[in-house]
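A quick write-up on the structure given underneath.
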Amino acid sequence: MAWEVAVILSAEIDESTVASLATYMPIWIADTPANRPFVTAARRTAGDLWSPEPACTTFRVYDEFDSVDNFIEVVETIVLHHPYLAKLNLLGLEDSQKLRSHMLTLGLLLAIATWDKTIAFRKPITSLSEVPQFTLDARKWHSSEDVYDALFGARGSPAWHGKNFNALHDSIVTGGINRVEVPYVLNIQRVSSAKSEARLFIKDLVDLISKFEEQGCPIAIQIED
C-alpha cells in the first residue's frame, strides 16, 4: 500500500523521471503521445510493489493549456484509488491560489517538496483514519541507545537497522524495512525522568519526525512529561 503518489501533468516527461518515481510510489500520468511509451516501462519497473493499487495510471488531458484544470478533474479519482494516500507530488504545473484552494477542500495542505520540480500536498495525520499509536516510557532511558532500542522494538525493526538519522529516514519515509510502516503516532511519556543525554536526543528526534511530517510523511510524535 502506498501513502505517497506522483501525478505527472507535463505533456512531455523524460523517461528517467518516470522510472525513478515508479520505484518510490504509484504514478498517474497525463495521457499524451509523448508520455505513452513510458507507461508500460513504469509498470514493469514497479512490478507488484504497490499491489493491489495501480502502479501507473493514465488520465485524460481536458485542456492542453491548463494543467491545473486537468489536475482538478482527476484528483478526486486519484484519492479514491489510493485509500492510504497522505501525500501528492505534482509535476508539470505551477503553484497557484486556485490549486491551493481546491486542495484545501479535499483536506490537503501544502507540504515541503522532497522531489525536484514538484509541488507537494499532504493530509494531516489527524485526518487519517485508524492510525495506531505507540506509547514509549522514557523513565529508564539513559542515552540514545535506549531510545533507539525502544523505537525499534515498537516498530519491529530488524537487528541490522542503523542507529542514525539517515537510517531512520530510510526506514520511516522510504519504508519496506520495519514490520510496522507509517502511518502511526509515537507518544513518548515521562520524558522528564530520562537522563539528560536521552532527553537531548529526544529533542533531536522530535525535530526529525516533525520534519518528516511537514514533508508529508504520515507520522507524528507527541511528548508527555
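The values are calculated or read from the model by the stated rules, or taken from the named source; none is laboratory data. Here the structure is a predicted model, which is why all the values come from computation and not from measurement. With ideal geometry, Cβ positions are generated from the backbone for all residues, glycine too; neighbour counts draw on all protein chains shown.
Condition first: under 22 Å from ASP66 (Cβ atoms) and either surrounded by 22 or more Cβ atoms within 10 Å (Cβ to Cβ) or of a type in the set (Asp, Glu) (or both). Now tell me which residues in the range 10-34 satisfy that.
Result: GLU12, ILE27, TRP28, ILE29, ALA30, ASP31.
Count, please, the residues in the range 200-216 that happen to be within 16 Å of PHE134 (Cβ to Cβ), of a type in the set (A, V, I, L, M, F, W, C) and out of contact with any His (no Cβ under 9 Å at 6 or more places or on another chain).
4
May I ask you to verify whether SER171 is in a helix (DSSP H, G or I), among the hydroxyl-bearing types (Ser, Thr, Tyr), under 21 Å from TYR24 (Cβ atoms) and in contact (Cβ under 8 Å) with a residue 12 or more places away in the chain?
Details: in a helix (DSSP H, G or I): yes; among the hydroxyl-bearing types (Ser, Thr, Tyr): yes; under 21 Å from TYR24 (Cβ atoms): yes; in contact (Cβ under 8 Å) with a residue 12 or more places away in the chain: yes.
Criteria met by SER171.
Go through the range 72-92 and count every residue that is more than 15 Å from THR105 (Cα to Cα) and hydroxyl-bearing (Ser, Thr, Tyr).
Residues meeting the conditions: 1.
Answer yes or no: is there a residue in the range 194-207 that is β-branched (Val, Ile, Thr) and closer than 23 Å to LYS87 by Cα. Before the answer, list the steps.
Initial filter on the range 194-207 (β-branched (Val, Ile, Thr)): 202, 206.
Those still in the list that are closer than 23 Å to LYS87 by Cα too: 206.
Taking every residue of the range 194-207 in turn, at least one turns out to be β-branched (Val, Ile, Thr) and closer than 23 Å to LYS87 by Cα.
Look through ASP149, ASP116, ASP137 and report the one residue that is free of Cβ contacts under 8 Å to residues at least 40 places away in the same chain, within 30 Å of SER192 (Cβ to Cβ) and of a type in the set (Asp, Glu). Full working, then the answer.
Details: ASP116 fails: within 30 Å of SER192 (Cβ to Cβ); ASP137 fails: free of Cβ contacts under 8 Å to residues at least 40 places away in the same chain.
Just a single option satisfies the conditions, and that option is ASP149.
Assess whether LEU128 counts as being in the same structural domain as GLY216 (by TED's automatic domain parsing) and farther than 30 Å from ASP14 by Cα. Don't jump to the end; show me each part of the working.
Values: in the same structural domain as GLY216 (by TED's automatic domain parsing): no; farther than 30 Å from ASP14 by Cα: yes.
Answer is no for this residue.
Quick one: which of VAL68, VAL79, VAL61 is outside the structural domain of GLY216 (by TED's automatic domain parsing), at pLDDT below 90, aliphatic (A, V, I, L, M) and surrounded by 15 or more Cβ atoms within 10 Å (Cβ to Cβ)? Full working, then the answer.
Details: VAL68 fails: at pLDDT below 90; VAL79 fails: at pLDDT below 90.
Checking each option against the conditions leaves just VAL61.
Name the single residue, out of those in the range 149-168 being charged (D, E, K, R) and not in a loop (DSSP other than H, G, I, E, B), that is modelled with the highest pLDDT. I'd like the intermediate steps shown before the answer.
Applying the first criterion (charged (D, E, K, R)) to the range 149-168 yields 149, 155, 163.
From what's left, not in a loop (DSSP other than H, G, I, E, B): 149, 155.
Values: ASP149: 97, ARG155: 94.
Checked the range 149-168; the qualifying residue modelled with the highest pLDDT is ASP149.
One residue is enough: does the range 102-116 have a residue meeting the conditions more than 19 Å from GLY216 (Cα to Cα), outside the structural domain of CYS217 (by TED's automatic domain parsing) and either surrounded by fewer than 21 Cβ atoms within 10 Å (Cβ to Cβ) or acidic (Asp, Glu) (or both)? Give the derivation first.
Here is the first cut: in the range 102-116, the ones more than 19 Å from GLY216 (Cα to Cα) are none.
No, the range 102-116 contains no residue that is more than 19 Å from GLY216 (Cα to Cα), outside the structural domain of CYS217 (by TED's automatic domain parsing) and either surrounded by fewer than 21 Cβ atoms within 10 Å (Cβ to Cβ) or acidic (Asp, Glu) (or both).
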